[in-house]
Amino acid sequence: MFGRLNHVGVATPSIVRAREHYAGLFGTAAVGEPFDLAEQGVRVCFVDAENTQIELIEPLDDASPVAGFLARNPAGGQHHLCFEVGDLDAAIAQATAAGARVLGSPRIGAHGTRIVFLHPRDMGGVLVELMEAPDGGH
Ligand code: CO
């Protein structure tokens, strides 16, 4: 089953400007350092909210899927929700049995554990990331 909300993904055309914005809202200590996920074509930066995180995402180039999102939403915006799961393979089997399409195969995500995305058309219009929790889930 799906577990806790790990983060909300927010696409932005500028992580530099987005970090300033979120530092003003949550304080500078809550805003992490950006780093590149070259395999996924994005630079990311996590912001700590009290009960979850916000994942700022900026495309590294025009080939990134996030570049297409920003073409449709130039100011940026909410991109995906990430839920923790204890066993990613079991969660994929569950989601697939329920009719959800899995986008690609599992890969290593921004938190260093395996992740996969589910098609928004099968998830009520929301792009959903499933992330294997480091401690085996909740
Ligand atoms: Co994410």
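Observations, loosely collected:
- Normalising the average separation of contacting C-alpha pairs (under 8 angstrom, six or more residues apart) by the number of residues puts the relative contact order of the chain at 26 percent.
- In nm, spacing of pseudo-spin labels at residue 93 and residue 49 (7 Å Cα→C-beta vector): 3.3
- Portion, in percent, of the accessible area of the chain that falls on carbon or sulfur, probe 1.4 Å: 54
- Taking amide H as placed 1.01 Å from N in the peptide plane, residue 43 has its amide H under 5 Å from the amide H of 37, 58, 60, each at least 5 places away in sequence or on another chain.
- Cα centroid of the stretch 115-135 to Cα centroid of the stretch 1-76, whole Å: 16
- Between residue 71 and residue 4, full extension at 0.36 nm per residue minus the direct alpha carbon distance yields a gain of 21.1 nm.
- Gyration tensor (alpha-carbon) shape descriptor, the stretch 1-81, a/c threshold 1.5: oblate
- Count Lys and Arg as plus one, Asp and Glu as minus one, and take only other residues whose Cβ is under 12 Å from that of residue 4; the net charge is then -2.
- Average accessible area per residue (Å²) across the chain - probe 1.4 Å, nucleic acids and ligands excluded: 53
- Pair residue 62, residue 21: separation of 7 Å Cα→Cβ label points (nm): 2.4
- About its Cα centre, the chain has a charge dipole of approximately 380 debye under the convention of +1 per Lys or Arg Cβ and -1 per Asp or Glu Cβ, with nothing else charged.
The values are calculated or read from the model by the stated rules, or taken from the named source; none is laboratory data. These figures come from a predicted structure and were not determined experimentally. Ideal geometry is used to build each Cβ from the backbone, glycine not excepted, and the neighbour counts take in all protein chains shown. These accessible areas exclude ligands, DNA and RNA; they are computed on the full protein's heavy atoms, side chains included. Shrake-Rupley method; radii C 1.70, N 1.55, O 1.52, S 1.80 Å.
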